[in-house]
1. Please work out which residue is farthest from GLU48 (Cα to Cα), limiting yourself to segment 331-341 and to residues that are open to solvent by less than 10 Å² (accessible area, probe 1.4 Å) and more than 19 Å from the chain's Cα centre (by Cα).
2. Does ILE239 fit the bill of being of a type outside the set (D, E, K, R) and under 16 Å from TYR91 (Cβ atoms)?
3. Would you check which residues across segment 257-289 are part of a helix (DSSP H, G or I) and open to solvent by 20 Å² or more (accessible area, probe 1.4 Å) and list them?
4. Checking the condition surrounded by 15 or more Cβ atoms within 10 Å (Cβ to Cβ) and assigned to a helix (DSSP H, G or I), which residue from LEU561, LEU548 passes?
5. Out of ARG106, ARG112, I need the residue that is of a type in the set (Lys, Arg), in contact with a Phe, Trp or Tyr (Cβ under 6 Å, 6 or more places away or on another chain), under 25 Å from LEU59 (Cα atoms) and touching a residue at least 40 places away in the same chain (Cβ under 8 Å). Which one?
6. Scan segment 360-376 residue by residue and report those that are touching a helix residue (DSSP H, G or I) at 6+ places or on another chain (Cβ under 9 Å) and either aromatic (Phe, Trp, Tyr) or more than 16 Å from GLY292 (Cα to Cα) (or both).
7. Quick one: how many residues across segment 548-573 are at pLDDT below 95 and of a type in the set (Ser, Thr, Tyr)?
8. Taking the criterion of being out of contact with any helix residue (DSSP H, G or I) (no Cβ under 9 Å at 6 or more places or on another chain) and crowded, with 18+ Cβ neighbours inside 10 Å, would at least one residue in segment 92-102 satisfy it?
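The values are calculated or read from the model by the stated rules, or taken from the named source; none is laboratory data. If you're wondering where the values come from, they're calculated on a predicted model, not measured in any experiment. No Cβ is skipped: glycine too gets one built from the backbone with ideal geometry, and neighbour counts run over all protein chains shown. For accessibility, only protein heavy atoms count, side chains too; no ligands or nucleic acids. Shrake-Rupley method; radii C 1.70, N 1.55, O 1.52, S 1.80 Å.
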Amino acid sequence: MSFEPIENYGVIGNMCSIALVGINGSIDFLCYPNFDSPTVFAALLDDERGGSFQIQPQLKERRVRQLYLPETNILLTRFLADQGVAELTDYMPIGTDGKQPNEIVRTVAVIRGEIDFKMKCRPRFNYAMCEHTVKVEDQCAIFSPAGGACPPPLALYSTVALREESGDAASDFRLRAGEKATFVFGAVRAQGQQPEMDFIEERFHETARFWRTWIAKSKYKGRWREMVNRSALMLKLLISREHGSLIAAPTFSLPEEIGGVRNWDYRYTWLRDAAFTLYALIRLGFVDEAEGFIAWLKGRLSDDAERGPLQVMYGIDGRQKLDELTLDHLKGYEHSRPVRIGNAAYQQLQLDIYGELMDAVYLANKYGDAVSYAGWQGVQRILGWLEKNWQRPDEGIWEVRGGAREFIHSRLMCWVAFDRALRLAQKRSLSAPFGEWLRTRDAIREDIYTNFWDEELQSFVQSKGTKDLDASVLLMPLMRFISPVDPMWRSTMEAIEARLVDDTLVCRYKASTHVDGIPGGEGSFTACSFWYIECLARAGELEKAQLLFEKLLGYANHLGLYSEQIGRSGQHLGNFPQAFTHLALISAATYLDRVLSGKDDSVWR
């Protein structure tokens with residue numbers, strides 16, 4: 001085996017866990033039973049040790065096409081050759097009663113010809129650290145991890161005969177046109193209970209119906225609708241059905257530079273995703289998901305973290321400890337090491353999260369239920385702490401590991417925190433220390449204009465006392481801190497274009513040990529590219545914004561999915577697919593469509 005490019009994968013899921021399916025018919029990544037559980041398949045990070053689930057048609061000179069069934073998260077991989085055509089359908093069932101089993105269904109069918117197939121299921125439990133035994137009985141294989149601390153056993157059920165092969169389950173079978181074989185991988189059923197293979201067709205239709213019914217709630221009818229809907233469907237996969245929280249990405253340790261050390265675990269919930277998630281979902285009309293996320297956020301208002309009332313990220317269930325470890329037995333994607341699980345950034349001070357939280361609370365109140373008395377008390381307590389701490393150096397939005405500094409984005413979002421709290425208190429007639437909040441908001445504004453503006457560069461800079469530029473300033477007009485046509489903003493855009501922009505691709509900053517304390521470089525940051533396009537549109541440069549947007553859509557993979565970053569040759573880098581990127585895509589698309597249609601009725605409010 002060798003490593004598939006990151007962009008050669010699609011994802012399937014059931015809002016509990018997600019699997020990555022390659023265009024070669026191999027499932028190379030699965031954390032089970034939850035998003036942040038240990039891996040069962042991790043060939044994506046170690047093609048020898050990691051484990052995979054392969055179904056391979058034995059076709060010479062085959063061509064492969066992969067697509068989602070329209071308006072669903074059901075993946076279809078088509079293998080085309082002179083001697084025949086085969087189709088592999090992958091999905092994780094979703095029952096409308098909420099009782100669906102947590103499993104993967106793979107059905108392979110022959111459309112034309114007579115084709116031989118090879119199937120091999122190679123689970124490797126607990127990040128490939130746990131040995132296992134396998135027991136095969138005709139059409140069922142049960143994989144039992146060894147040792148007390150290992151996860152429970154898993155099973156593979158099949159409509160074709162299975163055999164044991166070096167501790168794995170394998171099968172060689174032949175299908176003619178019109179015939180199909182089905183494999184179901186998941187928890188072990190009760191004694192004598194096989195999955196209802198006769199009802200697989202029904203479960204397939206129920207799952208398709210679930211996704212189509214869900215996406216039909218989207219109110220978006222504008223340009224690039226297919227890409228916007230695909231982004232929404234992908235985001236839905238990343239939202240925990242149980243908790244309502246949203247993970248940043250389903251993978252860990254996919255590198256930001258091939259062979260580099262910038263490899264992080266994104267299977268957690270970042271508070272900063274809150275405002276962007278709510279904005280995107282509310283824009284499209286998905287109120288239930290927004291309300292579920294707000295309910296999860298309310299649980300954090302009463303938490304206390306080590307460095308302040310809130311912490312940067314949490315487990316999907318709200319847990320606070322996310323200890324960072326390295327898996328030294330895995331060689332990493334394209335030998336990019338270390339392979340990390342957990343994320344030590346949960347202990348960092350990142351003051352911007354308070355602004356993002358307040359923006360989320362403000363949006364939830366604007367479009368959903370009013371904040372409760374207890375919730376508002378929590379808000380006041382948090383702002384009371386921020387009033388005393390907004391000037392502190394921190395690690396910032398990009399979670400640098402080179403020491404705390406005073407970052408412009410943290411300052412900006414502290415301003416947002418007080419601005420949104422004041423607006424909300426006035427609109428809802430809530431009691432608040434208006435005088436103190438006004439003074440603090442205005443002091444932060446003055447601080448940004450005085451201490452983060454560089455006369456020589458004619459630009460706002462990344463942190464106080466430096467000349468480094470940072471694409472996070474692109475959020476300044478989007479957060480309505482500065483007018484998109486303000487001369488200071490126009491010259492900042494020019495400086496960013498000169499130093500951080502390459503056509504439609506935008507680097508978040510010039511990565512170096514000096515800037516962020518981490519060796520090596522990285523690709524362009526795709527969310528920043530979408531922010532840049534939205535800034536252009538808001539400044540009236542519609543023709544340029546539209547062209548760059550179309551170009552940026554061209555960097556999506558064949559299914560319309562994006563990883564975190566894009567490398568020099570257009571390859572995807574970083575964890576995949578990434579929520580932040582798709583949230584920024586939805587925001588840019590909806591705004592650009594509105595202004596191109598002459599419907600920009602937004603007012604500064």
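1. Only one residue fits best here, namely SER336.
2. Numbers: of a type outside the set (D, E, K, R): yes; under 16 Å from TYR91 (Cβ atoms): no.
No; evaluated as a whole, the condition is false for this residue.
3. As a first pass, look at segment 257-289 and keep what is part of a helix (DSSP H, G or I): 273-284, 287-289.
Answer for segment 257-289, where residues must be part of a helix (DSSP H, G or I) and open to solvent by 20 Å² or more (accessible area, probe 1.4 Å): PHE276, TYR279, ILE282, ARG283, VAL287, ASP288, GLU289.
4. On the way: LEU561 fails: assigned to a helix (DSSP H, G or I).
LEU548 is the lone residue from the list that is surrounded by 15 or more Cβ atoms within 10 Å (Cβ to Cβ) and assigned to a helix (DSSP H, G or I).
5. Details: ARG112 fails: in contact with a Phe, Trp or Tyr (Cβ under 6 Å, 6 or more places away or on another chain).
The match here is ARG106.
6. Narrowing segment 360-376 to residues touching a helix residue (DSSP H, G or I) at 6+ places or on another chain (Cβ under 9 Å): 360-372, 374-376.
Listed by number, the residues that qualify are TYR362, TYR367, ALA374, TRP376.
7. 1
8. no
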